[in-house]
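Each remark here refers to the structure printed beneath this line.
What follows is calculated from the coordinates using simple rules that are stated; it is not laboratory data. Everything numeric in this text was worked out from a predicted model, so none of it was measured. Here the Cβ is made from the backbone with ideal geometry for all residues, glycine too, and neighbour counts use every protein chain on show.
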């Protein structure tokens with residue numbers, strides 16, 4: 001890799017060890033695979049973002065005057081499908097997880113490197129299928145493709161979209177499988193479970209969900225495809241089928257899926273908060289076990305998406321109660337992160353700005369989830385913009401900010417370069433402002449009664465002001481997302497070379513070069529210290545303030 | 001995998017095989033006997049016994065050197081029962097259907 | 001630049017040719033492969049689980065219609081298929097034992113017989129599907145299930161629409177199972193080729209073990225499918 005700044009002969013690392021397209025496309029190095037994922041998911045992020053832009057443009061005016069109703073249905077469907085299945089679910093695990101899991105546990109690669117490569121190819125195949133589907137008409141059912149509309153009445157390309165998601169789901173399952181086996185079997189000597197970074201605990205819990213949940217939506221897709229293509233109607237009301245059965249099976253995966261999307265970001269959060277408070281995470285074991293608790297409890301609550309769909313009200317009571325229970329481990333994490341900040345030595349580098357954003361926005365998103373878990377409230381705000389705002393606070397305010405924070409934190413390790421800190425802080429601020437301007441008005445809109453998935457709200461023109469604010473916010477948010485793209489690329493050529501450990505952070509990944517050699521460590525590490533040993537790291541230079549420069 | 005083939009496991013394998021065939025025969029025959037509500041219970045009970053024999057002895061879970069194997073099996077069963085059971089709470093309490 | 005084949009090894013011993021470089025020793029690689037297959041089987045449990053869930057719901061709702069439909073599929077063929085798969089599970093454990101004890105001929109023959117039994121299973125399934133096709137029990141435009149009595153309720157006839165639901169589930173569940181059998185046959189073809197070339201030793205025969213685990217799992221699924229689909233309410 002060329003450098004614009006002259007320096008002594010560059011060490012061999014995973015980036016420059018071999019050149020050529022095939023050395024990347026046939027790599028089994030988990031770090032290169034992580035970068036392959038990085039390029040792919042960034043591509044799909046912009047596709048999904050493009051659809052979001054069109055949605056927000058349509059909603060600038062009460063009348064449905066930008067696109068037709070059918071087109072609008074396709075826009076929000078494709079936005080959801082692309083963002084969820086091709087951006088959010090892979091994002092942190094496939095990029096940061098793939099890159100860091102072996103390094104954090106002190107080993108050379110994941111347990112199954114070739115399966116790791118296969119995961120990426122499956123993701124690409126699924127992505128290409130989805131692209132083809134979108135370019136030849138797309139799907140208009142909402143990302144939730146409920147029966148019987150999706151099975152019996154729509155003539156959009158459900159089977160193709162379903163198969164694309166099936167293939168991408170298989171990719172997700174294999175990634176989870178790789179992580180579970182790696183974490184169990186390949187930890188370095190001395191790396192006990194209690195010494196693992198919380199990032200690893202979070203990815204372990206995420207993998208459990210990926211493994212046990214994804215197959216259920218996979219078989220549901222098979223059933224939908226069988227119904228459409230082979231007339232084997234399992235959800236067909238004409239045969240006595242129950243459309244609610246589809247919803248049960250769909251949400252059995254799709255609710256735990258939201259925990260697939262947030263748990264890795266919580267893992268990132270723990271790493272960043274510890275480093276930039278120069279403190280061990282408060283209540284390490286509570287945070288670790290809360291990840292497992294979220295993974296298990298997350299499977300108990302799915303029918304809270306179906307409260308008004310016609311399910312038994314007694315079952316709804318049970319699911320409502322369980323939904324309150326699932327909030328507890330998440331709350332435990334928020335309390336522990338906050339307690340970590342207390343009496344910490346806080347540094348406001350860009351990763352920490354994203355972490356602060358996460359802390360507040362995830363809390364708001366999570367609390368509004370509790371509002372929705374209450375049956376009485378849910379009856380009024382379900383299928384309104386309140387729900388849309390709720391999940392975007394968690395998915396975007398939480399997961400995406402966690403992803404960006406993590407990308408900034410580990411960028412020096414991944415690329416061997418420092419990103420420009422000034423621009424990064426500015427971008428974080430723009431993202432935060434843009435995000436809140438986009439989505440806070442949507443809470444109000446939903447509470448006031450604006451339904452979701454409507455392209456025309458001319459029956460209630462008083463919604464326009466808030467919609468205009470939301471669209472303005474979306475524009476700002478878009479700028480905020482573009483900036484890191486630009487300066488990360490810039491830094492690969494012009495950024496200052498990074499040392500092994502520019503943040504003076506704890507963790508095995510910081511004990512090797514930036515960028516790391518192909519096999520991660522020159523010698524297998526032997527761990528004799530606890531996680532987050534910041535007191536030891538800072539002891540030699542208590543007077544100094546550890547910064548990246 | 002650990003060498004537990006010191007004393008020949010062949011007798012055990014053939015024994016389990018005979019047991020499985022026997023259970024299949026019993027299931028088949030019992031289905032033609034009027035047992036009311038217990039037909040389903042008998043059929044599923046025998047199926048579970050057969051599945052357990054295959055898992056414990058053919059798949060070597062009984063002698064598994066790793067506790068983790070047993071944990072994975074239990075976890076899979078737990079989540080399957082969760083899917084079946086919690087979904088049934090809806091269908092079993094829909095008093096209007 | 002460190003030599004990639006040396007990194008990670010704490011001791012200077014010649015390592016097994018099958019040892020992959022990112023593992024420290026063969027036992028670790030074996031344990032990883034075994035855990036990987038067990039975790040994969042857990043995902044398969046959930047995959048079939050969705051169908052069992054659908055089946056459970058509808059059987060409870062439409063018991064009589066399901067019983068009538070179940071009676072129209074051949075329980076003797078189903079029982080035979082169950083016995084075929086049980087025998088194939090035996091040949092699989094014998095194959096693993098043969099690999100453990102360096103009995104190459106036995107290994108090859110056991111793998112081969114397993115595959116033949118698998119093909120027999122698929123053959124019987126094909127016969128069953130053909131029967132259903134001829135009786136117009138395949139869901140779709142030409143489905144017909146008129147005037148079939150509900151077992152134990154003379155004079156009451158099964159609802160053809162609910163019967164069609166049974167057959168939808170029957171074809172998806174047994175079809176998916178058959179697909180897994182076919183994949184299993186593919187895996188065993190590869191195992192047979194490797195065994196023929198003498199690649200398996202008592203020290204390393206992991207593919208036989210984990211291929212065997214997969215085959216047993218497919219057997220277990222059928223162990224449940226048989227009574228659930230074929231034996232709902234058979235008493236006269």
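Key figures for this structure:
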read-out: Paramagnetic reach from residue A:485 (point 7 Å along Cα→Cβ, amide N under 12 Å) across the range A:47-71; value: A:47-51
read-out: Fewest-first ranking of C:172, C:84, using other Cβ atoms within 10 Å as the exposure measure; value: C:84, C:172
read-out: Over the range A:279-436: Rg over Rh, Cα atoms, Kirkwood Rh; value: 1.04
read-out: Longest to shortest principal axis, alpha-carbon extents of the range A:367-444, angstrom; value: 53, 21, 16
read-out: Semi-axes of the equivalent ellipsoid for the protein assembly as shown, Cα gyration tensor, largest first, Å; value: 46, 38, 23
read-out: Helical contribution to [θ] at 222 nm, DSSP H n ≥ 4, -39,500 (n - 2.57), averaged over chain B, rounded to 500; value: -23000 deg cm²/dmol
read-out: Relative contact order of chain A, pairs being alpha-carbon contacts under 8 Å that are 6 or more residues apart, as %; value: 18
read-out: Sequence ranges C:154-161, C:42-49, ranked by mean other-Cβ count within 10 angstrom, highest first; value: C:42-49, C:154-161
read-out: Theoretical ellipticity at 222 nm over chain C - DSSP helices of four or more residues, -39500 (n - 2.57) apiece, nearest 500; value: -24000 deg cm²/dmol
read-out: Relative contact order computed over chain B (Cα-Cα under 8 Å; 6+ residues apart), in percent; value: 22
read-out: Inter-chain shielding of C:85-95 (mean C-beta neighbours from other protein chains, 10 Å cut-off); value: 5
read-out: Per-residue mean of C-beta atoms belonging to partner chains within 10 Å, peptide C:167-173; value: 4
read-out: Chain C: angle of helix C:26-61 to the longest principal axis, Cα-based, in degrees nearest 10; value: 10
read-out: Angle between chain C longest axis and helix C:160-196 axis [Cα atoms, degrees, rounded to 10]; value: 20
read-out: Ranked by how many other beta carbons lie within 10 Å on average, peptides A:448-460, C:123-135, A:505-517, A:163-175 from highest; value: A:163-175, A:505-517, A:448-460, C:123-135
read-out: Spin-label pair residue A:18/residue A:526, simplified geometry with 7 Å Cα→Cβ offset, distance in nm; value: 3.3
read-out: Value of D in µm² per second that Stokes-Einstein yields for chain C, Kirkwood Rh from Cα pairs, at 4 °C (1.567 mPa s); value: 64
read-out: Stretch gain in nm, segment residue A:128-residue A:371, where the contour uses 0.36 nm per residue and the Cα spacing is subtracted; value: 83.6 nm
read-out: FRET efficiency estimate (nearest 0.05) - Cβ-Cβ, residue B:56 to residue A:153, R0 45 angstrom; value: 0.40
read-out: Fraction in percent of alpha-carbon pairs per bin - 5 Å, the range B:1-61; value: 4, 17, 23, 19, 13, 10, 7, 4, 3, 1
read-out: Tilt relative to chain A, helix A:284-297 - C-alpha long axis, 0 to 90 degrees, to 10; value: 30
read-out: Residue A:342/residue B:70 FRET efficiency (R0 51 Å; Cβ-Cβ; nearest 0.05); value: 0.75
read-out: Estimated inter-spin distance, residue A:493 and residue C:136, nm [label 7 Å along Cα→Cβ]; value: 7.3
read-out: Taking the convex hull of Cα positions in the range A:298-382, its mean projected area over all directions (nm²); value: 6.5
read-out: Shielding by other protein chains, A:351-358, mean Cβ within 10 Å; value: 0
read-out: Within the range C:193-224: backbone nitrogen closer than 14 Å to the residue C:106 label point (7 Å, Cα to C-beta); value: C:202
read-out: Modelled FRET efficiency - R0 30 Å, residue B:49 with residue C:120, Cβ distances, 0.05 increments; value: 0.75
read-out: Residue-averaged 222 nm ellipticity for chain A, from DSSP H runs of 4+ at -39500 (n - 2.57), nearest 500; value: -21000 deg cm²/dmol
read-out: Distance (nanometres) between label positions extended 7 Å along Cα→Cβ at residue A:292 and residue A:500; value: 3.3
